[in-house]
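Here's the structure we're looking at; comments come further down.
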Amino acid sequence: MTNPEVPKELREEAKGHDMYLHPIAKDTYELFFGPQHMATENFSIILKMDGNRVEKAIVNPGFLHRGFEKLAEQRPYFTNIALLLRICVPESDVPENIYSMAVDEIVGWEVPERAVWIRTTVLEMARLSAWMFWIMGFGNEIGLYTAGQWAAAYRERFMRLFEELTGGRVYHIYTVPGGVRRDIPGDRWLRQLRDTVEYIKSKMKDFDEILFDNYITFERTEGVGVMDRRFALKHAVTGPNLRATGVPYDVRKDDPYYLYPELDFEVPVLKEGDSLARVLVRRYEMEQDLYILEQLLDMGPPSGPYMVQDARLKALPRFKPPKGDAYAHVESTKGDFGAYVVSNGTHKPYRVHVRGPSQSHGVTVLEELLKGARLADVPVILKTLDNCPPDIDR
Amino acid sequence: MDMNENKTNEKVEETRLPDTKEGKLVKALIGKAPYAEGSVRRERRVEFHVPAERIHDFLELASETFEMLMQISVVDWLKEGEFEVVYQLWSVSEGVHAFVRTRIPREDAKLPTVMDIWPVAETYEREAHEFFGIIFKGNPRLGPFLLEPREYEKHPLRKDFNMLSYVKAIYGDDFDRYDESKTNYVI
Amino acid sequence: MDERKDFGENDGVIHYELQEFKLFEPLFKWARKKSLWIVAFCTGCGGIEMPPLATARYDFERFGIMPNPAPRMADLFLITGYVTPKTLKRIIITYEMMQDPKYLLAHGSCPINGGVYWDSYNVVKQLDKYIPIDVAIAGCMPRPEAVMDGIMEIMRKIETGEADGWKRYRENYEYYRRNQDKLFGEGWREKEAKRWLAWI
């Protein structure tokens, strides 16, 4: 019996070498990938494999579902900050900010200048520390552990700064509706932040040499997981993943918030849409974030109060915003992070709905991109999409 | 927020629209779809109210300017007996966010799927179905998604789902958040 | 079961209480204490403090601790945060896959009593009912120093023989199994694997 799927040339070439190609029946098997896997982090994919190729992928999220949206309906407005920031673990300032922005809009508060400066700085710091975390994960995935070790060590500098500013390493509970929870500790902190920025800037060259300009990275990522502009828009891909397909959409430019209209930065765009483009877009954005932080430090924090002056803030647990709803979104390292808050005039929100970027990256997009990929490319695609399971599950 | 507020005749609607890019966008879309009501909320935020039976037609029209479907939010208005489904759209070319609102009865919650317009809607619809029990006709993957089948059957984000009594029933003795006098819950 | 007879009177189970093993027990304890390998299964939010622990600033490799992908070769299971029923199924399967002796360290307030998610419908409130915990670290989230302290505590307990969760699990298997079945329903192990095949 000959296998009709073996091409004729191959069969003849094998005969010429006195060999015989054994017919291989097409055999598929199921592979349960995660959640007990280094690459997936509490996220599971069921792969239908044909040899080394993925034929079909089914995503199975939900390992981190805690019912935030239901819990937020049971707690007062200000208590919710301590809850909702757990939605995005590597970048916990983003959920705080979107929720605060939405509540600010419902109440109609004008956040004081100083608080706006602090919020912008904190968001940029969170972005940089999340980039470091991403470098670590990506470096480990493709076997460049040195880059991962460095990035995790540099991230500690930001953790220390956050700790001094907010009191917490990972969860800060810092941005609250109406401003921020406490003031900047002093000029020393600003000097330390500047030192850190300069330090990371000087280390970017090392990262280039070991990770971004490395032959291994190019070989592992070039042409893997390609998506085009049309596909990306239909699948609501945002953030660096969208910019790697040639669409210059950045919330900081297109729906500006905080100090971003006054800041000078570029939105890096690449056209290829493959994993390499996604990696390089992230690398250029890191540079832009360092530049933004430098500008913010040059500007210096404006003087004034760091919290809005309102009599209603005297009794926080009974704080009642007026009826209304608002949608606020910010640019996180993973993409467009949004929150939709509905108030019905009581002291608890009527509905809080969070839009995590991984809801599109991690489910439909991932299932499409994995089709036809090799098994070894699965972690690469996962990491270059920067899939963050808590966004999907909430 | 309140639908009755916006029930004004078309002439008043047109005069209310400001002469900005948002106003022009709303006007162009309303011109193509006279069954919808549109308004401008603020800079870069517009709002549409669409009857549930025409939602698919409207979103198909809207997808020409609003390229991305960011989220499908569902709000459960228990007293009115209605689900408010909000399609959050974003226009990359214009830089405008649109809320497309529609209302459906709680008992017979059915909507057509918009998977054919935006494939990503599959995930959002699965989530809305799981948490609220809305059936999106044409979506083949409705079912337990994030939750286990036991919680899925309850549709936990509905307002009539009592979380405390459910948790007490499932976890029983482990659930201990009384104060020292053992009378009040401590949050 | 005729095949069982080949194993002799031990029924295929190695009894560590045998005299031959007791002689070398201090050596085994020292070796176990100094080479704790962690299953790379970071549940919940505490997983984010693992990279700092494993890298330059806190570096737990100096204590012989190393993350390891395979549960068969691991000794220490870190439950790094809240546990949902869906994860708990995987945790139980992974825990049962690990070889004896195995130790379990619960990280954060959530595995102790639910923590911030005390009223959530999808978070397990008391993990100790389903699998035995050896050491629990309170806090949300615990700093890497606290985790290091917890690991030192587990090392001390291994030395003194107090870390006996794996023995408790074997002896009281009926109790743990009953609690698990009460939460998930009978036959959940088989059902969970079969549930996904329909989609493929």
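Points to keep in mind about this one:
- Relative contact order for chain C: 18 percent, from Cα pairs under 8 Å spaced at least 6 residues apart, divided by residue count.
- On the beta carbon distance between C:Met73 and A:Leu316, with R0 = 45 Å, the FRET formula returns roughly 0.35.
- The accessible-area loss of region B:110-124 on complex formation, taken against its chain alone with a 1.4 Å probe, reaches 30 Å² or more at B:Pro119, B:Val120, B:Thr123, B:Tyr124.
- Gain on full extension, evaluated as 0.36 nm per residue between A:Arg229 and A:Lys8 minus their Cα-Cα distance, stands at 75.8 nm.
- Along the axis of the charge dipole computed for chain A (Cβ charges of +1 for Lys and Arg, -1 for Asp and Glu, origin at the Cα centre), the listed residues A:Phe212, A:Ile381, A:Gly246 are led at the positive end by A:Ile381.
- Chains C and A together, accessible area buried on both sides, 1.4 angstrom probe, square angstrom: 3500 Å²
- Applying 1/(1 + (r/R0)^6) with r as the Cβ-Cβ distance of A:Arg194 and A:Glu266 and R0 = 30 angstrom yields a FRET efficiency of 0.85.
- Each Lys or Arg adds one and each Asp or Glu subtracts one; over the other residues with Cβ under 11 Å from the Cβ of C:Lys33, this totals +3.
- Of the accessible area of region C:51-163, computed with a 1.4 Å probe over protein heavy atoms only, carbon and sulfur atoms account for 54 percent.
- Only Lys, Arg, Asp and Glu carry charge here, each on its Cβ (+1 for the first two, -1 for the last two); on that basis chain C has a dipole of about 560 debye about its Cα centre.
- Under 15 Å from the Cα of A:Lys70 - aspartates and glutamates, other chains or at least 8 residues apart: A:Asp393, B:Asp76, B:Glu127, B:Glu130, B:Glu151, B:Asp160, C:Asp119
- Legend: residues in region A:135-160 shielded by at least 40 square angstrom of accessible surface upon adding the remaining protein chains to the isolated chain (1.4 Å probe, heavy atoms) are A:Gln149, A:Glu156.
- Theoretical FRET efficiency, 1/(1+(r/R0)^6), r = Cβ-Cβ of C:Tyr173 and A:Asp187, R0 41 Å, to 0.05: 0.10
- Dipole check for region A:111-312: with +1 at the C-beta of Lys and Arg, -1 at the C-beta of Asp and Glu, and the Cα centre as origin, the magnitude is about 580 Debye.
- Only Lys, Arg, Asp and Glu carry charge here, each on its Cβ (+1 for the first two, -1 for the last two); on that basis the protein assembly as shown has a dipole of about 1260 debye about its Cα centre.
- Within the accessible area of region B:50-93 (1.4 Å probe), percent carbon and sulfur: 48 percent
- Percentage, to the nearest whole number, of Cα pairs in the protein assembly as shown over 34 Å apart: 52 percent
- Net charge contributed by nearby residues that have their C-beta within less than 10 Å of A:Pro76 (K/R +1, D/E -1): +4
- Summed residue charge, Cβ within 10 Å of A:Ala326's Cβ, Lys/Arg positive, Asp/Glu negative: 0
- Distance violations [Cα-Cα > 21 Å] among C:Lys89/C:Lys157; C:Lys102/C:Lys167; B:Lys137/C:Lys89: C:Lys89/C:Lys157; B:Lys137/C:Lys89
- Over every Cα atom in chain A, the radius of gyration and the widest Cα-Cα span, Dmax, amount to 23.7, 91 Å.
- Relative contact order [Cα under 8 Å, 6+ residues apart], region A:270-346, whole percent: 19 percent
- Ellipticity estimate at 222 nm from DSSP helix runs (n ≥ 4, -39,500 (n - 2.57)) divided over chain C, nearest 500: -11500 deg cm²/dmol
- Among B:140-151, C:56-67, the order from most to least packed when residues are scored by Cβ within 10 Å on average: B:140-151, C:56-67
- The contact between chain A and chain B removes approximately 3800 Å² from the accessible area (both sides summed; 1.4 Å probe; ligands, DNA and RNA excluded).
- Proximal lysines relative to B:Lys21, as straight alpha-carbon distance under 25 Å, when same-chain residues fewer than 8 apart are discounted: A:Lys234, A:Lys253, B:Lys7, B:Lys11, B:Lys32
- Cα centroid separation, region B:94-130 to region A:148-166: 40 Å.
- Heavy atoms of the protein chains alone define the surface here; on that basis the protein assembly as shown has 41 Å² accessible area per residue at 1.4 Å probe size.
The values are calculated or read from the model by the stated rules, or taken from the named source; none is laboratory data. All values reported here derive from a predicted model rather than from experimental measurement. Positions of Cβ are generated from backbone atoms using ideal geometry, with glycine treated the same way; all protein chains shown enter the neighbour counts. The protein model used for the area step is the full one, side chains on, heavy atoms only, and it has no ligands, DNA or RNA in it. Shrake-Rupley method; radii C 1.70, N 1.55, O 1.52, S 1.80 Å.
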